[in-house]
Amino acid sequence: MTGADDTGTGGDFRTRIRTSFARQAAMATIGAELTRVEHGTVEIELPFDVKLTQQHGILHAGIIAAALDSACGFAAYSVIDPSASILTIEFKVNLMSPGRGERFLFRGDVTKPGTTIIVADGRGYAIGDGPAKLIASMTGTMMVIRGREGISG
């Protein structure tokens with residue numbers, strides 16, 4: 001990449017993503033932070049918080065799904081025209097290991113860009129004393145939205 005935006009779509013996608021992420025009350029509620037923004041890849045991290053666990057003290061599957069959905073959605077948002085937006089239309093999550101860790105990393109990567117439909121894959125990791133542990137994966141399908149009232153950025 002040679003500059004802040006060489007996507008051919010105009011505008012700085014990093015700024016658009018950071019601005020849009022800042023408006024996501026759900027991510028703020030769970031304490032999530034946007035930690036990496038690249039063309040086609042986004043990472044979101046959050047610290048362990050007992051308020052986000054299920055009855056066994058591990059990170060709730062709904063929190064994992066929400067963070068992966070946001071990571072995949074913003075990865076898709078990084079590859080579209082600045083006048084368009086993204087909505088998730090489908091996703092599947094595989095929970096591979098209990099969500100135990102001091103922090104969690106959720107990475108979304110665009111697998112198949114498109115003008116109307118974008119497919120992204122996500123991975124969730126628990127971070128603690130040892131190496132990062134894969135706890136979940138997601139495949140998400142996003143729809144590019146243009147010219148719809150009330151849906152922008």
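The values are calculated or read from the model by the stated rules, or taken from the named source; none is laboratory data. Given the structure is predicted, the values throughout are model-derived calculations rather than measurements. FYI the Cβ positions are ideal-geometry reconstructions off the backbone, even for glycines, and counts take in every protein chain you see. Just the protein is used for accessible areas: all its heavy atoms, side chains included, with ligands, DNA and RNA removed. Shrake-Rupley method; radii C 1.70, N 1.55, O 1.52, S 1.80 Å.
Structure notes:
- Considering only trypsin sites (Lys or Arg not before Pro) in DSSP loops that have at most 14 other Cβ atoms within 10 Å, the longest stretch of the chain without any of them is 24-145.
- Listed candidates (i) -0.74, -0.90, -1.03, -1.14; (ii) -0.64, -0.82, -1.01, -1.20; (iii) -0.73, -0.89, -1.07, -1.26 - label of the one calculated as log10 I(q)/I(0) by the Debye sum over Cα atoms at q = 0.14, 0.16, 0.18, 0.20 Å⁻¹: (ii)
- Given a 1.4 Å probe and the protein chains as shown, ASP81 ends up with an accessible area of around 60 Å².
- Crossing angle, helix 61-77 versus the chain [Cα axis fit, 0-90 degrees, rounded to tens]: 20 degrees
- Computed extension gain for ARG36 through GLU102, at 0.36 nm per residue and net of the alpha carbon distance, reaches 21.9 nm.
- Rounded to the nearest 500, the helix-only mean residue ellipticity at 222 nm of the chain stands at -6500 deg cm²/dmol, with each DSSP H run of n ≥ 4 adding -39,500 (n - 2.57).
- Nearest-ten-degree value, helix 13-22 long axis tilted from longest Cα axis of the chain: 50 degrees
- Loop GluC sites (Glu not before Pro), segment 22-129, which have at most 16 other Cβ atoms in a 10 Å radius of their Cβ (DSSP): GLU102
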